[in-house]
């Protein structure tokens, strides 16, 4: 006699209950995953924002520290013939040859000739050629004596009073050897409070200081300052300081369209 096996399975009610429980558990897990993804995205955006802000503040701090600095793009020394025409006190400026060139030197700049016991500082009165300057010397100097522009501009960070085109509450202006390469640069930070954006404008410039200014400039800005500033000015946007939901790039000289804050 053959025994029939029991073929009974799950009932319809059991299947419905199991399916309902599975759907509830799946929805809970999916919701948790979505929340975790959103949290990770927010954390990433905030990290990028803080990194961008840190880069912007470090750049601003570095440029403020360099503002007013005066230097030359290459070492300069007394050229052929040395300095043999001098008088004390000096009444008539004399022209001397420099080696290799006068690149980076401007009228009114104070240069120090490092020549041992005969070291002295002179003010450049004129630059007749690319290899010669005119100044008032009180001591003789031999060929090869090093020449350095010691000191700096008193108004490297343009003050907000007592000067034409001053800095304001939303515009910070500075100039000098900002990049440390011996070239004079004008930098301007503009804070757009309405759009919540911070812009950085930078342009190469040159200075012309009157020959009567024998000390470091304090109040008056060079005559070609504004004209040079408005030419070939590169603009870059620094990171905004709000809305962490957007990733913010580190400051640079990109010309891409600024993103809203």
Qualifying residue in region 71-81 (condition: modelled with pLDDT under 90, on the phi > 0 side of the Ramachandran plot and not assigned by TED's automatic domain parsing to the domain that holds residue 175): yes
Among (1) over 16 Å from residue 75 (Cα atoms); (2) in contact (Cβ under 8 Å) with a residue 24 or more places away in the chain; (3) not assigned by TED's automatic domain parsing to the domain that holds residue 58 - the single one residue 201 does not satisfy: (3)
Residue within region 133-149 that is closer than 30 Å to residue 172 by Cα, within 37 Å of the chain's Cα centre (by Cα), in contact (Cβ under 8 Å) with a residue 60 or more places away in the chain and not in a strand (DSSP E or B) present: yes
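Quick check on region 186-204: of everything there that is farther than 20 Å from residue 52 by Cα and surrounded by fewer than 19 Cβ atoms within 10 Å (Cβ to Cβ), which residue is farthest from the chain's Cα centre (by Cα)?
Just the residues of region 186-204 that are farther than 20 Å from residue 52 by Cα, to begin with: 186, 194, 203-204.
Checking which are surrounded by fewer than 19 Cβ atoms within 10 Å (Cβ to Cβ) leaves us with 194, 203-204.
Details: 194: 23, 203: 11, 204: 12 Å.
If we take residues in region 186-204 being farther than 20 Å from residue 52 by Cα and surrounded by fewer than 19 Cβ atoms within 10 Å (Cβ to Cβ), then 194 is farthest from the chain's Cα centre (by Cα).
Please find, among 169, 164, the residue that is at pLDDT below 90, assigned by TED's automatic domain parsing to the domain that holds residue 199, within 30 Å of residue 203 (Cβ to Cβ) and under 33 Å from the mean Cα position of the chain (by Cα). Working first, answer last.
Details: 169 fails: at pLDDT below 90.
The match here is 164.
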Criterion violated by residue 100 - all others in (1) closer than 30 Å to residue 174 by Cβ; (2) touching a strand residue (DSSP E or B) at 6+ places or on another chain (Cβ under 8 Å); (3) buried (at least 17 other Cβ atoms within 10 Å of the Cβ) satisfied: (3)
Candidates 54, 5 - the one that is modelled with pLDDT under 90 and surrounded by fewer than 12 Cβ atoms within 10 Å (Cβ to Cβ): 5
Qualifying position, being modelled with pLDDT of 85 or more and either under 27 Å from residue 134 (Cα atoms) or not assigned by TED's automatic domain parsing to the domain that holds residue 62 (or both), among 181, 177: 177
Sole exception among (1) modelled with pLDDT of 90 or more; (2) crowded, with 17+ Cβ neighbours inside 10 Å; (3) in a loop (DSSP other than H, G, I, E, B) for residue 107, by number: (1)
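Taking the condition under 30 Å from residue 149 (Cβ atoms), crowded, with 17+ Cβ neighbours inside 10 Å, under 41 Å from the mean Cα position of the chain (by Cα) and modelled with pLDDT under 90, does residue 60 pass? Walk me through how you get there before you give the answer.
Values: under 30 Å from residue 149 (Cβ atoms): yes; crowded, with 17+ Cβ neighbours inside 10 Å: yes; under 41 Å from the mean Cα position of the chain (by Cα): yes; modelled with pLDDT under 90: yes.
It is true that residue 60 is under 30 Å from residue 149 (Cβ atoms), crowded, with 17+ Cβ neighbours inside 10 Å, under 41 Å from the mean Cα position of the chain (by Cα) and modelled with pLDDT under 90.
The values are calculated or read from the model by the stated rules, or taken from the named source; none is laboratory data. The model shown is predicted, which means the values in this text are computed figures rather than measured ones. We place every Cβ from the backbone using ideal geometry, glycine too, and count neighbours over all the protein chains shown.
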